[in-house]
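> Would you mind keeping the following structure in view while I ask a few things?
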Amino acid sequence: VTGQRPLAVVADDERDILLLVATVLKNAGFDVIGARDGAEALAEIRVRRPQLAVLDLSMPELDGLEVLRRVRADAELAEIPIVILSARAEEADVALGYAEGASKYVRKPFKPSELAALASELVHSPPEGL
Amino acid sequence: VDRLRTPWLAYLMAGLAAVGGYYALPWDTLAQTLVYDGIGMSSAAAVAAGAVLHRPRRRAVWLLMAAGLAAFSIGDVIFNTWDSTSPSAADVFYLGGYPLIAVGLGLVIRALRTNDLRPGLVDAAIVTVGFALCQWIFVMDRLTHTRSSTSAEAVALAYPAMDVLLLSALVVFFLTPAWRTVAYRLLATSLVLLLFADELYGLSPDRYATASWLDSAWLLSYVLWGVAALHPSMRALTEPAVQTRPRLGTARVHMLAAALLTAPIVLVIERLTHRPLHPIAVAIGATLLSVLVLRRLGGLVTALDRLRIEERAARSEAETTQRLLAEQNERLREADRLKDEFVALISHDLRTPLTSIIGYVELTLDQDGLNDEQRTYLEIVARNSERLLHLVNDLLFVARLEAGELELKPNELDLAAIARQSVDEAQPRAEAKGIDLSCEIEPVGVIRADRGRMFQLLDNLLSNAIKFTPEGGRVAVQVTEREPGVRLTVSDSGIGIPEGDRKRLFDRFFRAASAVDRQIPGTGLGLYIARAIVEAHGGTISLDGTPASGSTFMVELPFARAVAETKLELVT
């Protein structure tokens, strides 16, 4: 972990996907901390104050939405950009994600190049009014 | 047929001529008497001949009638030739004829269906009792006081009694709507004439000598009877009648009322004409009538009850059926819901492995050091993963559609711009197949539609066109204004769609034979989805072109101002 690179917390209970997302973000210039469930992800976010969090929705312990809610409820963490990355692909799921304060909702499967571009964009020019 | 049709007409003509001749001849001559007797005899012969000619189901009926008529006729001969006093040998034949005819009629009645017969018999009994009461009081009772000997008295009484017997058969006959045939009418008319003449004679036999016209009733009765038997429709009389439920029509109600009134009317007439009263006869008649009418009403009530029970049973059966149907519907809805859930679940669970496949393949392709062969293989994996993903998305979309959950976010938009962008995006795919993809776009008015769905629609149509067009072919997109909306056409020079498949082309999971034969992959969902999207926007989609020259899909979507008035419908 060098101070130069932005830090991302990635949470997914599928190890393969966790590794994929982590690789994509590392290739895009991030330092990455992985978490296998929601509780772990929330703990890491609280401790590390990352510049980005990428959360799966269906996870044991705490699901992604609950993590998102708690982060947004915490005044010190509320500004962290959060990407929801989920296989729940329906309009209603997407709408709910945004309603809970997601910076971006990405459906699985995703294109690695698009995720990389999106992550960089979120970190370097935080969107306004979210 | 002609051979059977002519005898009755010939006999009718001959009979009428003979009756005319009877009146033309001088009165009380031998010739006139012979004509009278000849008519009677010929009638018996005609009835017997009819029975032989037409072979009805119950020939005995007609043979009995023929015997009865023959007996009458023999009575006529004796009466006219030797002996016109009473009682005489003529009376034996006359009185013998009635029972034969009555039994014959009775056999006809037996051919009726039972549920129609019983109320008919009660009605006949009611009328008969009323008639018998009158007959007794106005004809028979008087005879008991005027005759010298007991035998003369018995013979004199027998005639009106026989008339009562005939009348009862006639009434049953009348109350039976089973046969409305020519033979039926002829026979009924003949019976009425016979009874009419008998009654008039019975009321004042002494006046018979001067009432020569009375003979015409008897003679016509003979003739018509013979005609009835010779008419081909006579067979229907003894066929088992197909009859509906017993009914109490207006005519029957009137008749029953008249029968019930017989007793009081008889008393009134006796009173007005200053005859001696017959209280006992009237009392017996009235009692019988009341019992019979009660019996008839009882039958009606029973029939009504039976109908009500049947109706209740039918209704409860209908309710049971309805309940079963509702349960079945509920089960079907449940099955449908489970199917939708299943599809959604599958879609979700397929995405997770696809995420890994698509993601890692792209990561690998991004790396240096792959040789061309490896790169080609991985690109094939990537392409097929995309196809799988497309299928998953289509399945999910259809599941939502079927569940009535297709949501639209309509905005005013320019279909021309969307078409241009879609064509640009499809260009690499077309080029890869060497297909000339062109577009011809006019400026068009705004439509009100869901942008994402419009792209989906165009992508579906363009993908199809490219997929089904062989290398070197062409695909053209056109956007034009066509009141009251925008028309989009996507035409190709592809394999076309067989005539027989055109109707079902937009059905879910339907695949045209031309696609299946050429092993072109697909799910049969693309056009189904396209139609759903178009129809959700109040538009239409149709297919043009001939199988030989490729296919042209034509979409028409209304202008925004038109939609604002009708409001977008949600697809169900």
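> Identify, among B:Val477, B:Gly524, B:Leu166, the residue whose Cα sits farthest towards the positive end of the charge dipole of the protein assembly as shown, taking +1 on the Cβ of Lys and Arg and -1 on the Cβ of Asp and Glu, with the dipole about the Cα centre.
Working it through, the farthest residue towards the positive pole turns out to be B:Leu166.
> Of B:Val486, B:Val182, which has the most accessible area and how do the rest follow, probe 1.4 Å?
Ranked from most to least accessible, the order is B:Val182, B:Val486.
> While we're here: Quick check on chain B: take the gyration tensor over C-alpha atoms, sort the square-rooted eigenvalues as a ≥ b ≥ c, and tell me if it's rounded (a/c under 1.5), prolate or oblate.
prolate
> Quick check: at a probe of 1.4 Å, how many percent of the accessible area of the protein assembly as shown sits on carbon and sulfur atoms?
59 percent
> Percent relative contact order of the range B:362-507, based on C-alpha pairs within less than 8 angstrom and at least six residues apart?
20 percent
> Loop only by DSSP, 12 or fewer other Cβ within 10 Å of the Cβ. Give me the GluC sites (Glu not before Pro) in the range B:390-477 that pass, ordered by residue number.
Within the range B:390-477, the qualifying GluC sites (Glu not before Pro) (loop, at most 12 other Cβ atoms within 10 Å) are B:Glu471.
> If I stretch the segment between B:Thr273 and B:Ala89 completely, what's the gain in nm (0.36 nm per residue apart, minus their alpha carbon distance), one decimal?
62.6 nm
> Leaving out same-chain residues fewer than 8 places away, which lysines sit with a Cα under 16 Å from that of A:Lys104?
The reachable lysines, counting only those whose Cα sits under 16 Å from A:Lys104, number zero.
> Do the sum for chain A: with -39,500 (n - 2.57) for every DSSP H run of n ≥ 4, divided by all residues, what is the mean residue ellipticity at 222 nm, to the nearest 500 deg cm²/dmol?
The helix-only estimate for chain A comes to -13000 deg cm²/dmol at 222 nm.
> Now for a separate question. Grab the other residues whose beta carbon is less than 9 angstrom from that of B:Tyr36, score K and R as +1, D and E as -1, and report the net.
-3
> Another question, then. If contacts are Cα pairs under 8 angstrom and at least 6 residues apart, what is the relative contact order of chain B in percent?
11 percent
> Could you sort B:Trp225, B:Trp218 by accessible area so the largest value comes first, with the probe set to 1.4 Å?
Output order, biggest surface exposure first: B:Trp218, B:Trp225.
> Moving to a separate point now. Report the Cα centroid-to-centroid distance between the range B:338-367 and the range B:10-84 in angstrom, as an integer.
105 Å
> Now, a different point. Can you put A:Lys26, A:Lys108, B:Lys467 in order of accessible area, largest first, using a 1.4 Å probe?
My answer, sorted largest first, is A:Lys26, B:Lys467, A:Lys108.
> Something else about it: Helix B:526-536 versus the longest principal axis of chain B: what is the Cα-based angle in degrees, 0 to 90, to the nearest 10?
With both axes taken from Cα atoms, the answer is about 70 degrees.
> What is the range B:11-112's relative contact order, in percent, from Cα pairs under 8 angstrom and six or more apart in sequence?
Over the range B:11-112, the number comes to 24 percent.
> Another one. Kindly report, to the nearest 10 Å², the accessible surface of B:Glu499 as traced by a 1.4 Å probe over protein heavy atoms only.
130 Å²
> Can you give me the solvent accessible area of B:Leu277 with a 1.4 Å probe, rounded to the nearest 10 Å²?
The accessible area comes out at roughly 90 Å².
> Let me ask something else. First check a/c for the range B:484-559, with a ≥ b ≥ c the square roots of the eigenvalues of its C-alpha gyration tensor; if it is under 1.5, answer rounded, and if not, answer prolate when a/b is larger than b/c or oblate otherwise.
Here the range B:484-559 falls in the oblate category.
> Across the residues of B:349-361, average count of Cβ atoms on other protein chains within 10 Å?
Per-residue shielding by partner chains comes out at 6.
> How big is the Kirkwood radius of the range B:215-368, worked out from every pair of different alpha carbons and given in Å to one decimal?
Its Kirkwood hydrodynamic radius stands at 25.8 Å.
> Additional query: Over chain A, with a Gaussian network built from C-alpha contacts below 10 Å, which listed residue (A:Asp16, A:Asp63, A:Asp37) shows the highest mean-square fluctuation?
In this elastic network of chain A, the residue with the biggest mean-square fluctuation among A:Asp16, A:Asp63, A:Asp37 is A:Asp16.
> Any idea which of B:Phe506, B:Leu458, B:Gly445 is furthest toward the positive side of the dipole for the range B:429-550, if Lys and Arg beta-carbons carry +1 and Asp and Glu beta-carbons -1?
The residue sitting farthest along the positive end of the dipole is B:Phe506.
> Let me ask you something else. Would you mind getting the accessible area per residue of the range B:323-395, heavy atoms of the protein chains only, 1.4 Å probe, in Å²?
68 Å²
> So what does B:Ser493 come to for accessible area, using a 1.4 Å probe and Å² rounded to 10?
40 Å²
> If you wrap a convex hull around the alpha carbons of the range B:273-331, what volume per residue comes out, as a whole number of Å³?
Cα-based convex hull of the range B:273-331, divided per residue, equals 58 Å³.
> Please give the residues from the range A:1-40 for which the solvent-accessible area of heavy atoms, probe 1.4 Å, is smaller by at least 50 Å² with all protein chains in place than with the chain isolated.
Checking the loss per residue gives A:Leu20.
> Which positions within the range A:86-101 get 20 Å² or more of their accessible surface covered by the other protein chains, compared to the chain by itself, with a 1.4 angstrom probe?
A:Ala87, A:Ala89, A:Glu90, A:Glu91
> Can you tell me the dipole magnitude for the range B:215-334 around its Cα centre, using point charges on the Cβ only (Lys, Arg +1; Asp, Glu -1), in Debye to the nearest 20?
Approximately 260 debye in magnitude.
> Does chain A classify as rounded, prolate or oblate by the C-alpha gyration tensor (a ≥ b ≥ c root eigenvalues; a/c under 1.5 gives rounded; else a/b over b/c gives prolate, otherwise oblate)?
Rounded shape, in that the Cα axes give a/c under 1.5.
> Assign unit charges at the C-beta atoms only (+1 for Lys and Arg, -1 for Asp and Glu), then state the dipole size of the protein assembly as shown relative to its Cα centre in Debye, rounded to the nearest 20.
3820 debye
> Quick one: dipole size for chain B, taken about the Cα centre, charges +1 on Lys/Arg Cβ and -1 on Asp/Glu Cβ, in debye to the nearest 20.
For this selection, approximately 2780 debye.
The values are calculated or read from the model by the stated rules, or taken from the named source; none is laboratory data. Being a predicted model, the structure only gives us computed values, none of them experimental. Counting neighbours? That spans all protein chains shown, and the Cβs are built from the backbone with ideal geometry, glycine included. Note: areas computed on protein heavy atoms with side chains; ligands, DNA, RNA excluded. Shrake-Rupley method; radii C 1.70, N 1.55, O 1.52, S 1.80 Å.
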